[in-house]
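Following: one structure in structure tokens, then a few remarks.
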């Protein structure tokens, strides 16, 4: 996506051929595509060699990302708070790997009686979405935090003001979204309507809007701030506003 003349102008995506669409459908990709990669990345993945038995372990899924800039704490969030939060994120990475292995272990015979009331395969599918979004949302959240203040550029201010009326309006919408939800507040770009809007999730996999590209993700579960702020979410949000890397937010907009 390019940002020109205060407009969000999507770059024309590569054509997704019918055969690629069928491969996507067969792979069972669904729900929220939180990763900000475009169709070119998907097409490249589809050209990869066919899966063989050696890929069933999926070892790369067990490797959490590192966030060295914030591991020792930042203004407003102590090292103890962040390290406890990172440990929780690492748990989602491990659990997702475990769930994927269990899903791949089902034989065709074991899948003949799957139903929507109860079946182990169904339960694993439900929890897979919870664990995967737990990974992706936390990575977006940690990735935008900064130990040094990186304020908005004049351009970003004008862009946000155009979409939300003013910077004060944007901040009010962000804080209100973060207070209204039990899990996450997300500033996202919707390719269908070509606009920026706030979205809220009560849990990792509830109310997830399809196809929305996250630009700014705020974790509002109490585990994100309980050590430092108790149950004072407002104090946490006030501190967080000053530790957002707004240059990265602008870069994310430009990369969509």
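Read the figures in this text as sums done on the coordinates, not as results from a lab. On a predicted model such as this, the values are computed, not experimentally measured, just so you know. Cβ: placed from backbone, ideal geometry, glycine included. Neighbour counts: every protein chain shown.
With each label point set 7 Å from Cα along the Cα-Cβ vector, what nm distance links residue 182 and residue 84?
According to this spin-label approximation, the distance is 2.1 nm.
Test of understanding: ordering 122, 252 by Cβ neighbours within 10 Å, fewest first, what list do you get? Show your work: numbers first, answer last.
On the way: 122 13, 252 21.
Ascending Cβ contact count within 10 Å gives the list 122, 252.
Suppose the chain between residue 106 and residue 193 were pulled fully straight at 0.36 nm per residue; how much longer would it get relative to their current alpha carbon spacing? Walk me through the numbers on the way to the answer.
Values: separation 87, 0.36 × 87 = 31.32 nm, distance 3.99 nm.
Full extension of this stretch gives 27.3 nm more.
Given labels modelled 7 Å from the Cα in the Cβ direction, how far is it in nm from residue 241 to residue 171?
0.3
Between region 208-256 and region 138-157, how far is it from one alpha carbon centroid to the other, in angstrom?
Here the answer is 9 Å between Cα centres.
Sorting 254, 78 on the 10 Å Cβ count, fewest up front, what's the list?
On the way: 254 11, 78 14.
Listing 254, 78 from fewest to most nearby Cβ atoms yields 254, 78.
Kirkwood hydrodynamic radius, computed over distinct alpha-carbon pairs, for region 154-255: how many Å, to one decimal? Working shown, then result.
Values: mean 1/r = 0.0705 Å⁻¹.
Over region 154-255, the inverse of the mean reciprocal pair distance is 14.2 Å.
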